[in-house]
Amino acid sequence: MLSNLKSGAGFRLPRLAMTAILLAFLAGCATSPSPQGISDPYEARNRQIHNFNKSVDTNIVRPSAFGYGAAAPGPIREGIQNFALNLGLPANILNMVLQGRPGPAVESTARLLVNTTVGLGGLLDPATSMGLAEDPTGFGETLHVWGMAEGNYVELPLVGPSNDRDVLGLVMDIALDPLRFALPTAEANTSTAIQILAGLGRRYRYSETIDSILYESADSYAQARLLYLQNRRYELGQTVETGDFVDPYEDPYGQ
Amino acid sequence: MANDFTRRQVLNLGVAGLVAATAALALPRGAWALDVGQARGLIDEVVGEVNRVINSGASEAAMLVQFEALFVRYADVPVIARSVLGPAGRSASAGQMSAYSQAFQGYMSRKYGRRFREFIGGRIEVVDARPVKSYFEVVSTAFLKGSAPFDVRWQVSDKSGRLLFFNIIIEGVNMLASERTEVGAILDQQGGDIDRLIAVLQQT
C-alpha cells in the first residue's frame, strides 16, 4: 500500500483530496468484504429523488436521447462515445495507480496513446482490436480497494443509483480529474458537452433495458436499486457465490 | 488484495493445487465430470434453440409462443415460480399455485422474449461449466452487436429429476432476485391477493 501513497503524492492534490485519501487509509487497507442484501435507511428521500429523476428522464433526457439517436447516425454516436471514453482515460489511469494496479495502468496508458494518435484524437478505438479494451474504473473502486465498505444505497439527483462510497468517489473523480488541470476553460467546456452527448447516446442505445426498468416495472425504484447493487458488486469482483445465492430447491417458500 | 500475495501464500497455494490435482487424479472419473458435461450440453442446446427461433424470421407473436415452449422444456418453471412468489405461496391453494405458475410462465416468456431483437446478429457462447455446492454453473459470454461482450451464467440443477436451469445471472444481476422484487411489488399493489396477481401477470 505504501507504493500507492508514494505514487499518489506525486500529484499535487487539493487539500480536500488528501484528507479523503488519508481517511480512506484509516478505514483500512484490505479490500472491503463482500456485502450482502440491501441497506437503505434513506429510502424515503431516495424515492423522492427517484421520482424526480424519472420525470427528468420522461420530459428531457429520454426525448433528447431519441432526438440525438435520430439525428446522428450510428458511426457518429460511436465516435462521440469513443471520444468521451478517451477523455476519461487519464482519470482511469490515475485511479489504477492509486489502486496499486500498475499493469492495467500501463495498458490504459497505451490505449490512450494509440487512440489519441492512430484513433484520430479518440474518435476511433483501434486499441480495443489490439487487445487494449476499455477497463472502466473510478475513485469509488479505489476506495473499495482501500477497504471502504459500500455503505448505504443512495439515489443521486440526475446521476441515479449509487452508494455512500461511490458518492464520495464521484466527488473525488471530479476533483482529481487530470483533464481539469490540463485543459483550458473552453476545452474543458467542450469536454463536458461531449460527455453529455455520450450520455444521451448511451440512454438511446440501452433504451430497451432502461425503459423496461423505469417504465415497465411494478416498483422501478426497488428494481433499479437491486440491479445497481448486484451489478456494482459484480464489477468490483464481489461475486455472490455464497451471499446472494438463491436456492429455490432448498427453501422454495423462503426469502 | 488479490495481487498482494506473499511468497509463502503463493507457496501454500502451489501446495494446495498439487494436493487437489493429485486427489483429482486418484479419484475415479466420476459422476461430477459427466454431469458438468450434461449441464453444459443443456445450455448449449438452449442457446442453439433460442438462436434458431430468433433467426427463423417468424412473427413476434409466433416467436413468443416458441420462447414459452423452450422455457417450459429447459427451465424448472414450477420451482422458479414458487421461489419468486416466496412466503406468499404458503397461504395459496393448490389450484391458485398452478394458475399462478401458468401465468408466471407466460409473463416471463413475453417479458424476456420481447427483447429478442437485441440478440439478432449476436451469439452466446458457452465457455465453462462447473459444480457449485448443490448445482452446476454454466458460464457463457454474450456477444451482441454494438456492445462489449458480457457474462451470462446459468444455474442448472437435476433436483427435479431432470437437468433444468433455474436461474440466469447477467453481469451479476440475478433473475430470481429481480423477479422476486417485481412479483412482490405487484402482489403488494394488489393488496396481497394472489388471484389479482395472476390476472396482472396474464396481462403483462
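The values are calculated or read from the model by the stated rules, or taken from the named source; none is laboratory data. This structure is a prediction, so every number in the text was calculated from the model and none was measured. In this analysis, Cβ positions are derived from the backbone assuming ideal geometry, glycine residues included, and neighbour counts consider all displayed protein chains.
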Can you spot a residue in the range B:21-38 that is at pLDDT 85 or above, among the aliphatic types (A, V, I, L, M), within 23 Å of B:PRO131 (Cβ to Cβ) and part of a helix (DSSP H, G or I)?
yes
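Kindly provide the set of residues from the range A:216-234 that are touching a residue at least 12 places away in the same chain (Cβ under 8 Å) and either at the interface with chain B (Cβ under 7 Å from one of its Cβ atoms) or farther than 22 Å from A:VAL145 by Cα (or both), ordered by number. Before you say what the answer is, go through the steps one by one.
Step one: list which residues in the range A:216-234 are touching a residue at least 12 places away in the same chain (Cβ under 8 Å), which gives A:220-221, A:224-230, A:232-233.
Listed by number, the residues that qualify are A:SER220, A:TYR221, A:ALA224, A:ARG225, A:LEU226, A:LEU227, A:GLN230, A:ARG233.
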Filter result (of a type in the set (A, V, I, L, M) and free of Cβ contacts under 8 Å to residues at least 24 places away in the same chain) within the range B:66-103:
B:ALA69, B:ALA94, B:MET97
Look through the range B:190-204, keep the residues that are surrounded by 16 or more Cβ atoms within 10 Å (Cβ to Cβ) and within 11 Å of chain A (Cβ to nearest Cβ), and return whichever of them is nearest to the chain's Cα centre (by Cα).
B:LEU201
Write out, first by first residue and then by second, each pair whose Cβ atoms fall under 6 Å of each other, whose residues are 6+ apart or on separate chains, and whose first residue, in the range B:167-189, is facing chain A (nearest Cβ under 8 Å) while the second is among the aromatic types (Phe, Trp, Tyr) and surrounded by fewer than 21 Cβ atoms within 10 Å (Cβ to Cβ).
B:GLU171/A:TYR234; B:GLU171/B:PHE150; B:GLY172/A:TYR234
Positions within the range B:113-142 being under 16 Å from the mean Cα position of the chain (by Cα), within 11 Å of another protein chain (Cβ to nearest Cβ) and crowded, with 16+ Cβ neighbours inside 10 Å, in sequence order
B:TYR135, B:GLU137
Within the range A:177-198, is there a residue that is within 27 Å of B:PHE119 (Cβ to Cβ) and either among the β-branched types (Val, Ile, Thr) or within 13 Å of chain B (Cβ to nearest Cβ) (or both)?
no
From (1) modelled with pLDDT under 95; (2) part of a helix (DSSP H, G or I); (3) among the small types (Gly, Ala, Ser), pick out the condition that doesn't hold for A:ALA70.
(1)
Here are the criteria: (1) within 9 Å of chain A (Cβ to nearest Cβ); (2) crowded, with 17+ Cβ neighbours inside 10 Å. Tell me which single one B:ALA148 does not satisfy.
(2)
The one condition in (1) surrounded by fewer than 21 Cβ atoms within 10 Å (Cβ to Cβ); (2) touching a strand residue (DSSP E or B) at 6+ places or on another chain (Cβ under 8 Å) that A:ASN53 fails to fulfil
(1)
In the range A:157-178, which residues are surrounded by fewer than 16 Cβ atoms within 10 Å (Cβ to Cβ) and at negative phi?
A:PRO157, A:VAL159, A:VAL171, A:ILE174, A:ALA175, A:PRO178
Would you confirm whether or not the range B:60-67 contains a residue that is among the β-branched types (Val, Ile, Thr), assigned to a strand (DSSP E or B) and more than 14 Å from chain A (Cβ to nearest Cβ)?
no
Anything in the range B:71-89 that is surrounded by 18 or more Cβ atoms within 10 Å (Cβ to Cβ) and away from chain A (no Cβ under 14 Å)? List them, or say none.
B:PHE71, B:TYR74
